[in-house]
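Novice: So that we are looking at the same thing, I have put the structure below in C-alpha cells.
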RNA sequence: GCCAGGGUGGUGAAAUCGGUAAACACGCAGGUCUCAAAAACCUGUGAGUCUCAAAGCUCUUGCGGGUUCGAUUCCCGCCCCUGGCACCA
C-alpha cells in the first residue's frame with residue numbers, strides 16, 4: 001500500500017491543472033463544457049493582496065483558501081468560475097520596505113512578485129493565471145492614470161489648498177481614511193496637520209448615493225454600519241449669531257438646537273475666519289489682549305491632531321473680547337476661542353450649552369461662564385443638580401426657560417416647533433452635514449502612478465491626452481522622500497519634467513505627485529476579465545457609448561468616438577458585477593468605499609451602461625482574523641506563521657483543511673501546531689481508506705453496506721448546505737463523522753466498503769478543501785478518466801435515502817430529560833403513539849407511577865414533555 | 001462615550017425562527033501491537049455525588065434577575081474581551 005505523500009501528489013496535479021487549463025474559463029464565449037447551470041459566469045474574487053516582503057502570510061492563505069473553497073464549490077455546481085489574482089504592488093508599504101532593505105522599489109517588486117506568485121501556486125487555489133495583473137505594470141497604470149483624467153474631465157478631480165494630514169515618517173500626505181485615531185494607518189506614527197495644495201476627488205458628491213445604496217448590499221452588518229458611520233450624514237441647523245456692534249455673524253451648526261435658549265457663550269476654532277480678521281484688523285491697536293489671542297492661536301495651530309486630542313480633559317481657551325447676540329432671546333454672550341473646536345467639523349464654531357453638553361460644561365466651569373438650564377428632567381436628583389449648575393445632562397426631558405416652548409418635550413414636539421420657528425424668523429437654516437470628506441489623491445512619494453497632469457503658465461492645469469498615456473514613472477536613483485514635502489519626482493530628469501502644454505503647445509511642466517495606492521485598487525476588478533485579450537477585443541468603442549451622458553465632454557472638446565476603455569464592454573457585461581467578493585474587514589471603509597465610488601462614476605459617465613448593478617460588489621463575505629496562541633500575529637510578538645514550512649511538512653491540502661477547520665470562517669480562529677498535525681493524520685486516514693476502497697471495488701463494485709450509504713447521503717446534504725453558507729468548519733466535521741462511521745466495523749466484525757460511485761461522491765465533497773488529494777484519489781478510483789474532479793459535478797443526495805431514518809426523541813418529565821427513545825418517523829409525528837411508548841418505557845415509568853399527568857407538551861419530531869404533579 | 005461582534009470542558013470549538021449543551025477535533029489517561037520506542041488502532045475523558053459495580057442523582061454555557069413545561073438561544077440590569085468610530089458640536 002502506498003503511503004500518503006503530499007509533495008509528489010501536489011506537484012504532479014499542479015502541473016496537470018496548468019496544462020489542462022481547468023481554472024481558465026473562456027471569458028469571451030463562456031461556452032460551457034459541463035453542468036446544468038449552463039455556462040453561467042461566476043466572478044469569484046478575493047481581495048487584492050499587496051505583496052509584502054515576507055511573502056504570503058498564513059493570514060493571506062486563510063483568506064484565499066476560504067474564497068477558493070467557495071469558487072471550487074461553485075465550479076462543481078456547473079458555474080463558469082473566474083477567479084483571478086494579482087498584486088497591489090504600488091504604494092508606500094512596498095516602497096518603505098524597499099528603502100529599508102536598500103533596494104530600488106522596481107527591483108524589489110520583481111523579487112517579491114516572483115516569490116509571491118510561487119507561493120500562490122503552491123496553496124492549491126484555482127486561479128485564472130492568464131489574467132494576473134500588477135498595479136505597477138505600465139499597461140495597468142496607464143488606465144489608472146486614464147481614470148484620473150476622466151475624473152478631471154468630469155469635474156471630480158480638483159486642486160485645493162487645505163489643511164491635510166501629514167505623516168512625518170512616511171513623509172507624505174494622507175487621506176482622512178488613512179489616519180486612524182491620529183496615527184498613520186501604515187506606520188502608526190502620529191500625524192500632523194499641514195497646509196498644502198493637493199489633488200482631491202469629489203467623493204462627497206456621491207455621499208448620498210453611497211449611503212442610499214447600502215440597504216441593497218448583501219454585506220455583513222458590521223461593514224455596512226462602518227460605512228454608514230463613515231459617511232456620517234446628520235441633519236442639523238445652521239444658526240446665525242450676530243456680532244454685537246458689527247454686521248458680521250458667526251454661524252453655528254448643531255443637531256441639538258432645542259437647547260438654543262441655554263446658549264451662554266460661543267466657541268470658535270483657532271482657524272476660524274473671525275479670529276483671522278480680528279488679528280489682522282488695523283482699526284484696533286495692539287492690545288495685550290490681542291497679543292494673548294495671537295499667542296494662543298499660534299500655539300494651537302502648531303499642535304498636532306494627537307496633541308489636541310490628548311488635551312481633551314484639560315480644555316484651554318481665550319476670550320476674544322467680542323460678544324454675540326443669541327437670536328432667540330437677544331442675550332449678549334461672549335465669544336471664545338478654543339482648540340477643542342475643530343475647523344473642519346460643522347462650521348468650525350459651536351454654541352456653548354453648559355447645562356446640557358458635557359464639554360461645554362467643563363469649559364464653562366473652567367472659565368466661570370454662565371450656566372443656564374433649559375431642559376428639565378423627571379429624575380429629581382439629576383434635575384436639581386442641573387438646575388444648580390453642578391452637572392450637565394444630555395437626556396430627553398421637558399423644555400424650560402425657553403419662551404413660548406416651555407413645557408414641550410425636548411426631543412419631540414418642542415424640537416420640531418423650535419426649528420420651524422427659528423427658520424421662519426430667518427435665524428436658522430436646515431443644514432445636513434457629512435463626516436465624509438473629499439478623497440485626497442496626491443502623494444509626495446515615488447512608487448506610484450504619476451498623476452497625469454501638466455501645468456502650463458498660460459493655460460493652467462491640463463490633463464495629459466489619453467493617447468499619450470501612460471506617463472511612465474521615470475527610473476530615478478534618488479527616489480527617497482526627503483521630508484521637505486516635495487515629491488521625489490521633482491528630481492526626475494529634465495526631459496521628463498518638462499513637456500509641452502496639450503492646449504497651447506507652449507512650455508509646460510509635469511505634475512510630480514503620484515496617486516494614492518487606493519486608486520490602483522479601486523478599479524482592478526474591472527480590468528481582470530479583459531486582460532490578455534487581443535487588440536481587436538480591446539476595442540475602440542465607437543457607437544456603443546455615443547449616447548452616454550458625459551457631463552463635461554463639450555467643455556473639454558473631445559468626441560465620444562475617441563473613447564477607449566480599459567476593458568472590453570462585452571466581456572465586462574458578462575462578468576461584472578463581482579458575484580462574490582471575499583476579504584477581511586480591515587477594508588470596511590477604505591477600499592470598499594473608494595471602489596464603490598469609482599464604480600458609480602463609471603456608471604454615470606456611461607462606461608458601464610450595459611451593466612445594471614448600481615454596485616460593484618453586491619455580495620461581500622468578510623472572513624475573521626486568524627490568531628496564534630490567543631494573540632494577533634505580529635512580528636514583534638514573534639508569532640507569525642509562515643505557510644511555507646507547513647506546506648513542505650504536511651502539504652498544502654492539510655494546511656488548507658486545517659485552516660478551514662479551526663473556527664468558523666466569519667469569526668477566524670486560533671492556529672495551533674498540534675491541530676495542524678492532527679489534520680495531517682486525518683488526511684492519512686482518508687488516504688488509507690481510499691487505498692482500501694480502490695482495491696475492494698476492483699473485486700466487487702456492488703458490495704456496500706446499506707447503513708453506510710444512508711450516512712453518505714446525510715453527509716452530502718450536510719456538506720452541501722454548510723459549504724454554501726461558508727460554514728466550512730462544520731462541513732469538515734461532517735466529513736470526519738463519515739470517516740468514523742466508515743471505519744467502525746459492522747456488528748459481525750466486517751469492514752465496510754462503498755461502491756466506486758459512492759466513493760467518488762465522497763471524495764468530491766472533499767475536493768474544495770483538499771484539491772490535490774481529491775484529484776489523486778479521483779484518478780485512482782477512475783484510472784481511465786481524463787477529466788479533473790474539479791470540473792466534475794457536485795454530488796446530490798437522495799432524499800429517499802434519508803426518509804426511513806429513526807428519529808431520536810428526548811422524553812422530558814417536568815422539563816427534565818429522563819430518556820431518549822428512538823422511533824420510526826411516523827411515530828415521531830404522532831402524540832398518542834409517543835405517549836403510549838413513554839408510558840411503557842421502564843426509564844420513564846418510575847417518574848410517572850405515583851403521579852398524575854397534568855399536561856403533555858408535544859412537538860412533532862422534536863420532543864415530548866410530560867408535566868406531572 | 002457610541003456602534004458592532006463575542007464570552008460555552010484542560011484547549012480550538014459545535015448547537016441560537018426556544019426543544020437531548022459540549023458535535024467534530026486537539027490534548028490527556030489507560031490499553032493492544034513491539035525487546036523498546038514511534039506510528040497505527042481500541043477504550044475513557046464537563047464538574048460533583050452515590051455505588052464493589054451497574055444504573056442513577058445534582059450542578060454546569062461571563063454575573064444577577066425575568067418570561068416559559070423547557071433558555072447557550074428571548075427580555076431587563078451589570079462585568080469582561082475583540083474590532084470600528086469619536087473633543088462630531
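Novice: Mind pulling the angle between the C-alpha long axis of helix A:58-76 and the longest principal axis of chain A? Nearest 10 degrees, somewhere in 0 to 90.
Specialist: 60
Novice: If you average the C-alpha positions of region A:587-623 and of region A:244-274 separately, how far apart do those two centres end up, in angstrom?
Specialist: Cα centroid of region A:587-623 versus Cα centroid of region A:244-274: 40 Å apart.
Novice: Still on this structure: Could you give the angle, 0 to 90 degrees to the nearest 10, between helix A:728-743's Cα long axis and the longest principal axis of the Cα atoms of chain A?
Specialist: 10
Novice: Follow-up question, since we're still on this one. Counting pairs of alpha carbon atoms under 8 Å apart in space and at least six apart in sequence, what relative contact order in percent does chain A give?
Specialist: This gives 14 percent for chain A.
Novice: I've got another one for you. Checking the a/c ratio against 1.5 first, then a/b against b/c, what shape does the Cα gyration tensor give for region A:731-785?
Specialist: Because a/c hits 1.5 or more and a/b fails to exceed b/c, region A:731-785 counts as oblate.
Novice: Give the relative contact order (percent, whole number) for region A:77-180; include only Cα pairs under 8 Å separated by 6+ residues.
Specialist: 29
Novice: Run the numbers on region A:791-869 and let me know its relative contact order in percent, using alpha-carbon pairs under 8 Å that are six or more apart.
Specialist: 32
Novice: Given the DSSP H assignment, sum -39500 (n - 2.57) over each helix run of at least 4 residues in chain A and divide by its residue total; what's the result at 222 nm in deg cm²/dmol, nearest 500?
Specialist: Computed ellipticity for chain A at 222 nm equals -11000 deg cm²/dmol.
Novice: Okay, moving on. Answer rounded, prolate or oblate for region A:235-283, using the Cα gyration tensor with square roots of eigenvalues a ≥ b ≥ c: rounded when a/c is under 1.5, else prolate when a/b is larger than b/c, else oblate.
Specialist: Note, shape of region A:235-283 comes out prolate.
Novice: Checking the a/c ratio against 1.5 first, then a/b against b/c, what shape does the Cα gyration tensor give for chain A?
Specialist: Oblate is the answer for chain A, as a/c is 1.5 or above yet b/c matches or exceeds a/b.
Novice: Also: Report, to the nearest 10°, how far helix A:590-605 tilts away from the longest principal axis of the Cα atoms in chain A, using its own Cα long axis and a range of 0 to 90°.
Specialist: 80
Read-outs throughout are calculated quantities, based only on the coordinates presented, and are distinct from any laboratory measurement. Since the structure is predicted, the reported quantities are computational estimates derived from the model, not experimental observations.
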